[in-house]
Amino acid sequence: MTTTETSPEPGTGTPADGSAPLAVALLTLGCARNDVDSEELAGRLAADGFALVDDPGAADTVVVNTCGFVDAAKKDSIDTLLEAADLKESGRPQAVVAVGCLAERYGAELAESLPEADAVLGFDDYTDIAARLRSIVAGERPHPHTPRDRRKLLPISPADRPAAAPATLEARARLDSGPMAALKLASGCDRRCTFCAIPTFRGSFVSRRPSDVLAEAAWLAEQGARELFLVSENSTSYGKDLGDLRLLETLLPELTAVAGVERVRVSYLQPAETRPGLIEAIATTPGVAPYFDLSFQHASSSVLRRMRRFGDPDSFLALLEQVRALAPEAGVRSNVIVGFPGETERDFQVLCDFLVAARMDVTGVFGYSDEDGTEAAGFDDKHDQDEIRARVAHVTDLVTELNAQRAEERVGTTVEVLVEDIDPGVEGYVEGRAAHQGPEVDGSTRVRAAGARVGDLLEAVVVGSDGVDLVAEATGEKR
């Protein structure tokens, strides 16, 4: 595809003819993996002469990195695309482009149903994103890609995949200057959960090489990141395609040794794959947050089998006992799906009883909905929407109370809080996250600490709670 702009002067990001660079705004929806994708796109665009701007109304082109996970996320993505398209009527933007999971998953179907978007680009367009955007701003309308099952792009056997591993990161530009940064361990997933379509558009599981992960960690630390949030679709699988399933256990202390990194956090652990050595590494390695993001999804063994997952209340509680034996104050979060096809009243009660016994810090509750291309979409014994909503409401009320109780249990304990914001409303207070609190979804801790700055790691004693949020008093120790 041709471009309409002069190529940038090497190393400057400015077109060789001196003309003003095209401005681009990236809007990101969905998970932390999408955040990393957006920063990689931003790095490529900045290196190829684009100016990155925060305000979509001040951009020549708006790129919306969409989420295609569940119906609510899809709706948010489409609404964002429509809002960006409205800016073309009254402002500077000349083009709105959809990228990300929704664009990859639906391709031409999305383009046809959403003519307000000037282009729908797939993952394969990312390597040449600057040329794609230049041609779109110039008026060309590329044919949207045809979605395909990306699992078929790599060998079935993980042992045969290293040659297909992603290349070393060429560029990344931070879009958030905060002290936490997501760092991608791997992409894709080999599991075949009957409710999940992610592997079809994200592909099979591919680990990044440790040397690449460490190099990016060092770069992020140079950019001011003090906490690294390791993300993937399944972190417990890291290294299996590189010949060493215990590679994460050896990588964690290397990451904490990177100059400037104070805390490393691991996301998305598959309970059936969470081995004792990994539990020990997360729970006891200095600098690694004792934080366990365990994707239980349910507790009834019969429902889990229908989900093509494994486990039961006893095995899950035994896993939590292993965690807490090593780190009594460890943070534990999970997500559950209620109203799954065939979920009986007894199954539902098993889940509720497990949640009471598990004493988790945060639990996300999702009602089942059919996802295109998944096995569960063809299951019988589906519940009507009123029943699913009733079960979601019941479990949501339950975990709201349970999670608040767990936060109350932390009153009197000492925590380390990474300061992420200065409270503008109350002088002398800052806000951040303790080790048991993951980014955005696990609550926060407000600390009375005069003179503290964003990026400080404060020792504090918890003096109160409000839901899952904590209030604490700094002890005077900080890093």
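The single condition from (1) surrounded by fewer than 21 Cβ atoms within 10 Å (Cβ to Cβ); (2) within 25 Å of residue 389 (Cα to Cα); (3) in contact with a helix residue (DSSP H, G or I) (Cβ under 9 Å, 6 or more places away or on another chain) that residue 322 fails is (2). Just name the residue that is surrounded by the fewest Cβ atoms within 10 Å (Cβ to Cβ) out of those in region 182-212 that are among the β-branched types (Val, Ile, Thr) and closer than 20 Å to residue 271 by Cα. Looking at residues that are among the β-branched types (Val, Ile, Thr) and closer than 20 Å to residue 271 by Cα, I get 194. For region 347-368, the criterion of a residue being under 26 Å from residue 462 (Cβ atoms) and among the polar types (S, T, N, Q) is satisfied by at least one position.
Mind counting the residues in region 174-208 that are among the aliphatic types (A, V, I, L, M) and without any contact (Cβ under 8 Å) to a residue 60 or more places away in the chain?
Of all residues in region 174-208, those among the aliphatic types (A, V, I, L, M) come to 175, 180-183, 185-186, 197-198, 206.
Going one step further and asking which of them are without any contact (Cβ under 8 Å) to a residue 60 or more places away in the chain, we end up with 181, 186, 206.
Residues meeting the conditions: 3.
Tell me yes or no: at least one residue of region 148-169 is touching an Asp or Glu at 6+ places or on another chain (Cβ under 8 Å) and modelled with pLDDT of 90 or more. No. Pairs are defined by a Cβ separation below 9 Å, a sequence spacing of at least 6 or placement on different chains, a first member in region 373-387 that is closer than 16 Å to residue 70 by Cβ, and a second member that is in a helix (DSSP H, G or I) and of a type in the set (Lys, Arg); the pairs so defined are 373/105; 376/306.
A residue that is touching a residue at least 12 places away in the same chain (Cβ under 8 Å), within 28 Å of residue 337 (Cβ to Cβ), of a type outside the set (A, V, I, L, M, F, W, C) and open to solvent by 40 Å² or more (accessible area, probe 1.4 Å) occurs somewhere in region 75-98. Scanning region 437-460 for residues that are open to solvent by less than 50 Å² (accessible area, probe 1.4 Å) and either acidic (Asp, Glu) or more than 29 Å from the chain's Cα centre (by Cα) (or both) yields 442, 449, 456.
Quick grid of which residues meet (1) part of a helix (DSSP H, G or I); (2) crowded, with 19+ Cβ neighbours inside 10 Å; (3) among the aliphatic types (A, V, I, L, M):
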| position | (1), (2), (3) |
| --- | --- |
| 25 | no, yes, yes |
| 30 | no, yes, no |
| 35 | yes, yes, no |
| 38 | yes, yes, no |
| 57 | yes, no, no |
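Among what's in region 221-230 and is crowded, with 23+ Cβ neighbours inside 10 Å and without any contact (Cβ under 8 Å) to a residue 60 or more places away in the chain, pick the residue that is farthest from residue 375 (Cα to Cα). Applying the filter and picking the extreme gives 225.
So that you can scan it fast, the table gives a plain yes or no per residue for (1) charged (D, E, K, R); (2) without any contact (Cβ under 8 Å) to a residue 12 or more places away in the chain; (3) outside any helix (DSSP H, G or I):
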| residue | (1), (2), (3) |
| --- | --- |
| 286 | no, no, yes |
| 302 | no, no, no |
| 314 | yes, yes, no |
| 328 | no, yes, yes |
| 336 | no, no, yes |
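If you go through region 407-432 and pick out every residue that is touching a Ser or Thr at 6+ places or on another chain (Cβ under 7 Å) and part of a strand (DSSP E or B), you end up with 4. Checking each residue in region 342-366 for being open to solvent by 20 Å² or more (accessible area, probe 1.4 Å) and closer than 19 Å to residue 318 by Cβ picks out 350, 353, 356, 357, 359. Screening residue 217 on (1) within 30 Å of residue 376 (Cβ to Cβ); (2) open to solvent by less than 10 Å² (accessible area, probe 1.4 Å); (3) not aromatic (Phe, Trp, Tyr) shows it passes everything except condition (1). Among the residues of region 59-74, those identified as part of a loop (DSSP other than H, G, I, E, B) and touching a residue at least 60 places away in the same chain (Cβ under 8 Å) are 60, 68, 69, 70. Restricting 277, 311, 339 to those that are more than 23 Å from residue 197 (Cβ to Cβ), small (Gly, Ala, Ser), under 26 Å from the mean Cα position of the chain (by Cα) and open to solvent by less than 50 Å² (accessible area, probe 1.4 Å) reduces the list to 277.
Anything in region 262-284 that is aliphatic (A, V, I, L, M) and in a helix (DSSP H, G or I)? List them, or say none. Listed by number, the residues that qualify are 272, 278, 279, 281, 282, 283.
Kindly evaluate residue 244 against the criterion of being free of Cβ contacts under 8 Å to residues at least 40 places away in the same chain and not hydroxyl-bearing (Ser, Thr, Tyr).
On the way: free of Cβ contacts under 8 Å to residues at least 40 places away in the same chain: yes; not hydroxyl-bearing (Ser, Thr, Tyr): yes.
Taking the combined requirement at face value, the residue satisfies it.
The values are calculated or read from the model by the stated rules, or taken from the named source; none is laboratory data. Because the structure is predicted, anything quoted here is derived from the model rather than measured. So basically every Cβ, Gly included, is an ideal-geometry build from the backbone, and we count neighbours across all protein chains shown. Areas reflect the complete protein model, heavy atoms only, side chains present, ligands, DNA and RNA absent. Shrake-Rupley method; radii C 1.70, N 1.55, O 1.52, S 1.80 Å.
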